[in-house]
Amino acid sequence: MEESSMMRNYYYLVAGLPELLMDQERKDFSVNALKEEVKDNVHPSDYKLVEFLHLPYDNENFLNQLLKRGLEFSDMGNIEKPIFDELDDNFAELPTYMQDFYYQHTGKPKSPEIEADEPEVDKDDSFAIEKHPEVLFQEKFFDLAISNKNQFINQWFLFIRDFNNILAALNCRRLGADSAKHLVGNYPLIEILTKSQAADFGLKREIDYLDKLVQISEIQDVIERERKLDLLKWDMATELTTWDYFNINFILAFFVKAGIIHRWLKLDAKTGEELFKRLFDDLKTSYNLSDSLHS
């Protein structure tokens with residue numbers, strides 16, 4: 001049975017999303033408040049997908065503490081700050097991929113019980129490229145994300161991985177730096193990005209957003225460049241849910257956009273307000289369209 005036929009529909013929740021959005025104070029826009037509302041109205045297994053979507057915030061908090069970056073804690077994730085504050089004492093409470101990287105990065109020995117449960121792996125890395133710790137960690141996360149059985153989670157993180165890799169390759173090319181150690185994963189796109197001399201890496205036909213991404217990467221104004229990068233992500237979230245109206249995929253795309261709004265209300269209030277209105281209008285339009293299709 002295909003995933004789409006197994007999905008639960010949340011008609012009343014989706015119909016009420018515009019009102020939930022409008023109940024938010026712009027200056028105190030809270031994705032977490034939206035998450036709590038959704039948590040009370042969806043199946044627990046579907047809410048786990050919402051939590052998975054927000055793991056990148058936990059990832060940043062984890063790396064911030066482990067690598068001693070000194071950055072501000074993000075409350076957008078699922079794991080509370082005290083867990084990260086005492087990482088050495090609490091790492092057993094973290095997701096498995098974080099635990100694996102913790103052991104790998106710190107060199108601390110695993111308990112015999114943990115080692116006994118782990119599968120055998122090929123440790124012949126004589127030809128491996130020495131990558132930055134952040135890249136090695138992201139590889140663990142994306143391996144997990146793209147194996148997720150939910151269609152939106154799978155496709156979204158496939159997109160984000162490729163998007164980030166292409167952007168990193170473009171930036172490295174501009175700076176004359178070796179991109180190999182900055183790219184996440186070991187799959188066909190990586191070889192193309194590291195070896196191709198073409199302006200578009202010869203990927204124009206395979207990746208339909210490539211031209212836009214190349215153009216955006218050349219924008220000098222940092223705020224404008226970031227704004228257009230986020231709009232590209234916004235459009236992809238919409239595209240991935242073209243035929244999803246009331247299911248968890250639609251709600252996941254909603255949270256992608258809510259996260260973008262949250263970011264921009266802090267970075268640039270005007271852009272944040274514009275995106276807030278856009279999401280509200282999109283929700284109303286989507287509901288009206290789906291209502292007409294099902295009437």
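Some notes on this structure:
- Restricted to the range 59-71, and to residues there that are touching a residue at least 24 places away in the same chain (Cβ under 8 Å) and buried (at least 19 other Cβ atoms within 10 Å of the Cβ), the residue that is farthest from the chain's Cα centre (by Cα) is 66.
- Scan the range 231-259 for residues that are among the acidic types (Asp, Glu) and surrounded by fewer than 20 Cβ atoms within 10 Å (Cβ to Cβ) and the total you get is 2.
- Qualifying residues in the range 167-185 (those that are at pLDDT 95 or above and part of a loop (DSSP other than H, G, I, E, B)) - the one surrounded by the most Cβ atoms within 10 Å (Cβ to Cβ): 183
- Tally, over the range 186-206, of residues that are at positive phi and surrounded by 18 or more Cβ atoms within 10 Å (Cβ to Cβ): 1
- The residues listed here are 51, 37, 19; of these, the one that is closer than 24 Å to residue 143 by Cα and surrounded by fewer than 18 Cβ atoms within 10 Å (Cβ to Cβ) is 51.
- Residue check: residue 245 meets all listed conditions (1) outside any helix (DSSP H, G or I); (2) at pLDDT 90 or above; (3) of a type outside the set (D, E, K, R) but one, namely (2).
- Residue 263 being under 30 Å from residue 11 (Cβ atoms), of a type outside the set (A, V, I, L, M) and over 17 Å from the mean Cα position of the chain (by Cα): no
- Residues being at pLDDT below 65, exposed (fewer than 10 other Cβ atoms within 10 Å of the Cβ) and over 25 Å from the mean Cα position of the chain (by Cα) are entirely absent from the range 88-108.
The values are calculated or read from the model by the stated rules, or taken from the named source; none is laboratory data. Keep in mind that this is a model prediction, so the values were computed, not measured. Virtual Cβ from ideal backbone geometry, glycine too; neighbours counted across all protein chains shown.
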